[in-house]
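Only the coordinates and a few stated rules stand behind these numbers; no lab work does. Treat the numbers as computed from the prediction; the structure is a model and nothing was measured. Don't worry about glycine lacking a Cβ; one is built from the backbone with ideal geometry, like all the others, and counts go over all protein chains shown.
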2 protein chains.
Amino acid sequence: MSSDRTRSAILAAAERLYADRGFGDVTLRDIVAEANVNLAAVNYHFGSKDELIAELFVTRSLATNRERLNELKAAEEKGGGRAPIDSILHALVGPTLRGCLGPDREGSTAARFMIRASIESVPPIRRIKNREVDHLRKFIAAMRRAMPGRDDADLYWGLHFALAMSHHTIREKERLTKLSEGQCDLNDVDAIVDRVVSVSVMALAGGEMPAKKAPARSAVPHGRLTRQDL
Amino acid sequence: MSSDRTRSAILAAAERLYADRGFGDVTLRDIVAEANVNLAAVNYHFGSKDELIAELFVTRSLATNRERLNELKAAEEKGGGRAPIDSILHALVGPTLRGCLGPDREGSTAARFMIRASIESVPPIRRIKNREVDHLRKFIAAMRRAMPGRDDADLYWGLHFALAMSHHTIREKERLTKLSEGQCDLNDVDAIVDRVVSVSVMALAGGEMPAKKAPARSAVPHGRLTRQDL
DNA sequence: TTGCAATTCAAACAGTTGTATGAAACTATC
DNA sequence: GATAGTTTCATACAACTGTTTGAATTGCAA
């Protein structure tokens, strides 16, 4: 029953266009043109533009989270309930990095869409991301089991930094390539995953952080700019 | 000559509104209402909306970059031309983190604006950020002097990760607070800077990365979602 | 004061946006 | 094949967007 053809065509077209041109300058009219469906179909099938975007993002997020948890579960079973810290972090950042980077990234609309979502952060997506906390808590729990001695705060910081490195690598992939003049190989995904995991493990295994002096800040008013670059 | 009053009022109002509500839903009409000036004044003084945003961002970026280079220069002079790696990284991430985090963050419109710019990434800002590469190269050069043995690629990755941690901390400040239930103190900026620097140094000082097995990826089509959360 | 340029202003422009409507076309069930 | 429910369609709507216009006003120099 009920032709899913229109619905799927809209989803596919929307994901492709958003991936290619960003959320900012893709309109519903662009999407329906690409999908060869009527303009009203979007609101009929999804209710609103935001709900369409949300559905796109939720679908892909669920897939990633599922992968993460599968990998985590496998690692914990292998270790008899206690996965080593590097396996946990590998399960955390691996799926995301593998999904968004890699040599076949050009062909994967889903990956390019997720990169966009990571860069642009439009309201419906932001709303969904805020619910990711529960998912991350499962990794914190696993990390706590792997490193019983560690302060909780250190675990949170470790997880935070692991996500920081993986997301920032995805977001700034091109800038890093440009900066390093190709010396950083963004196609060797496994090497990147290992690097991120390795640094994260060092961050977690490293010593306590010292406290130091106070900062200095000044309120800088806006002056007139005379044709200066960055 | 030429009343800068209108110009400054627009800059101040725009920065405040963008900081509070984001680029997405602040219109020129909102800005001129807040600034108590005429609508046409924006185009008269800045040419276009994008040029207004660009000027806001360039001003603040220049200030940060200036701070960074000053700190770097001071460290190099102190070390007789060769600054230690942790001082270099401190100069890199310190100004940004101090500018955007900290207890007085609430009062600083400039800081809140830069956080927005970091989160939303609107076209005129993206264009400017792409020119930041030259600025970063100065830090790569300093790092090369501090660690002559290291591969260039490792240096790039180290700098990349340092920026990743500092930017992600700024972007996800609230999520980390929520996730850690307040156990990560986002107000102790110096501690955060030290933590980021310390991890970055470990990343740079750590051993080489091994290579491993190949990844597996599958093309996941969009199905119908039945009221599922993330 | 006169003259000229810089600035302000109200108003309109031209285009785009997401959404709503109501009739038409289709589909499956009886 | 009539009926009821679903889906498609062309079209209009209403609101909002950044930008432009040309006249009014202001400020400063001669």
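Of note:
- Rounded to the nearest 500, the helix-only mean residue ellipticity at 222 nm of chain B stands at -22000 deg cm²/dmol, with each DSSP H run of n ≥ 4 adding -39,500 (n - 2.57).
- Pairwise Cα separations in the range B:1-47 fall into 5 Å bins from 0 onward with the following percentages, short to long: 5, 25, 35, 22, 10, 3, 1.
- Given charges at beta-carbon only (K, R positive; D, E negative), |dipole| of the protein assembly as shown in Debye: 280
- One Cα centroid belongs to the range A:4-75, the other to the range B:92-153; the line between them spans 32 Å.
- Charge dipole (Cα centre; +1 on Lys/Arg Cβ, -1 on Asp/Glu Cβ; no other charges) of the range B:1-99 amounts to roughly 160 debye.
- Across peptide A:15-28, the average count of Cβ atoms from other chains found within 10 Å of a residue's Cβ is 1.
- Value of Rg/Rh across the protein assembly as shown [Cα atoms, Kirkwood radius]: 0.97
- Between helix B:189-205 and chain B: long-axis angle, C-alpha atoms, 0 to 90°, nearest 10: 40
- Each Cα pair under 8 Å and six or more residues apart adds its separation to the average, and for chain B the resulting relative contact order is 21 percent.
- Excluding the site residues themselves, the longest part of chain B lacking any GluC sites (Glu not before Pro) in a DSSP loop with at most 14 other Cβ atoms within 10 Å is B:1-180.
- Solution diffusion estimate, µm²/s, Stokes-Einstein, the range B:34-123, Kirkwood Rh from C-alpha pairs, 37 °C, viscosity 0.692 mPa s: 215
- Counting Cβ atoms of other protein chains within 10 Å of each Cβ in B:193-199 and taking the mean gives 6.
- Hydrodynamic radius by Kirkwood, which averages 1/r over all alpha carbon pairs of chain A, in angstrom: 20.3
- Across the identical copies, how the B:PRO84 labels are spaced - nm, sorted shortest first, 7 Å along Cα→Cβ: 3.2
- Over the range A:1-70, relative contact order from alpha-carbon pairs under 8 Å, at least 6 apart, %: 30
- A simple count of charges around A:LYS138, restricted to other residues whose Cβ falls under 14 Å of its Cβ and scoring Lys, Arg +1 and Asp, Glu -1, yields +2.
- At 7 Å out from Cα toward Cβ: B:SER8 inter-copy label distances (nm, ascending): 6.2
- Peptide B:172-184 shows a mean partner chain C-beta count of 5 within 10 Å per residue C-beta.
- Over the range B:26-136, relative contact order from alpha-carbon pairs under 8 Å, at least 6 apart, %: 24
- Each copy carries a label point for B:GLU132 at 7 Å from Cα along the beta-carbon vector; from one copy to the others these points are 1.9 nm apart, nearest first.
- In the protein assembly as shown, taking the dipole from charged Cβ atoms about the Cα centre, the farthest positive-side position among B:GLY149, A:GLY158, A:LEU62 is held by A:LEU62.
- Check: the range A:60-205 dipole with +1 on Lys, Arg Cβ and -1 on Asp, Glu Cβ, in debye: 620
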